[in-house]
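K.L.:
Attaching a single structure in structure tokens format; questions to follow.
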Amino acid sequence: MAFSEVTRERARQIIARYPEGRSRSALLPLLHLVQSEQGYVSPEGIAFCAEILGITKAQVGAVATFYTMYKRKPTGDYLVSVCTNTMCGVLGGDKAYEALRDHLGVDHDETTADGKITLEHAECLAACDYAPVMTVNYEFFDQITEDSALTLVKQLQNGERPQPTRGTRLCTLKEMAVQLAGFADDRGDDVIADGPAGEPTLAGNRLAERFGIAVPGFDPETPISKKEEAKP
Ligand code: FES
């Protein structure tokens, strides 16, 4: 399958972000870009990246198979990832996953027959303070239960786009892949995430404040030095 002119133009824009002679560094966003058109990294997607970067298909394949965010077979409009790592698992993530598996009739890394939903176990999603969590196309739904996970997935099956606990309004996995390739979400300001960190995230700060705990000499206004300034 030939990639569209939109994708080809975006590929050129991605490569232009990198210094001359370093275009192979563009491979990670390019893999998201091919996913944005096909929904996964197909053999054609591998060949496209290899050709446009002047590297071998084996080199592209080695990267595409290393990272779990690059899917190697057709993936649903909604990627439902349930954290079943220790913290989430014991707090209900395992049960939520099982409930979704039974309801959808698919298991890890499988997609429903209508092509709508792919289910997967996820390793720690770095949101243990909101455990158990699941994500849909990488947007968070916090402190889920079997019931809330089922309700959410049924809404997706009905064509609804439920609001994540944090983050932006849901989009499809292909639309998300455009953003992951480094292009702005053009759905308007009303869907863009905003607001302060949630209470569970701030709990450690609050405790430190309450007990007067501070890192000696730490200045939160310390500017981050540039590489050349940091040289002795
Ligand atoms: S264990 Fe689930 S987010 Fe860390």
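The values are calculated or read from the model by the stated rules, or taken from the named source; none is laboratory data. Note that the structure is predicted; figures quoted are calculated from it, not measured. Note that each Cβ is placed from the backbone with ideal geometry, even for glycine, and that neighbours are counted across all protein chains shown. Keep in mind that these areas ignore ligands, DNA and RNA; they rest on the heavy atoms of the full protein, side chains included. Shrake-Rupley method; radii C 1.70, N 1.55, O 1.52, S 1.80 Å.
K.L.:
Does any residue of the stretch 108-125 turn out to be more than 16 Å from the ligand (Cβ to nearest atom) and among the small types (Gly, Ala, Ser)?
P.N.:
Yes, the conditions are met somewhere in the stretch 108-125.
K.L.:
Of the residues in the stretch 126-140, how many are more than 12 Å from the ligand (Cβ to nearest atom) and either open to solvent by 20 Å² or more (accessible area, probe 1.4 Å) or among the hydroxyl-bearing types (Ser, Thr, Tyr) (or both)?
P.N.:
Of the residues in that region, 2 qualify.
K.L.:
How about the stretch 1-12: which of its residues are without any contact (Cβ under 8 Å) to a residue 60 or more places away in the chain, part of a helix (DSSP H, G or I) and within 17 Å of residue 177 (Cβ to Cβ)? Steps first, please.
P.N.:
Here is the first cut: in the stretch 1-12, the residues without any contact (Cβ under 8 Å) to a residue 60 or more places away in the chain are 1-9, 11-12.
Adding the requirement that they be part of a helix (DSSP H, G or I) leaves 5-9, 11-12.
Listed by number, the residues that qualify are 6, 7, 8, 9, 11.
K.L.:
If we keep just the residues of the stretch 153-166 that are touching a Phe, Trp or Tyr at 6+ places or on another chain (Cβ under 6 Å) and not basic (Lys, Arg), which is farthest from the ligand (Cβ to nearest atom)? Even if it seems obvious, please write down each step before you answer.
P.N.:
The first filter runs over the stretch 153-166 and keeps only residues touching a Phe, Trp or Tyr at 6+ places or on another chain (Cβ under 6 Å), leaving 156, 164-166.
Now narrow it down to the ones that are not basic (Lys, Arg): 156, 164-165.
Numbers: 156: 21, 164: 15, 165: 13 Å.
Taking the candidates together, the pick is 156.
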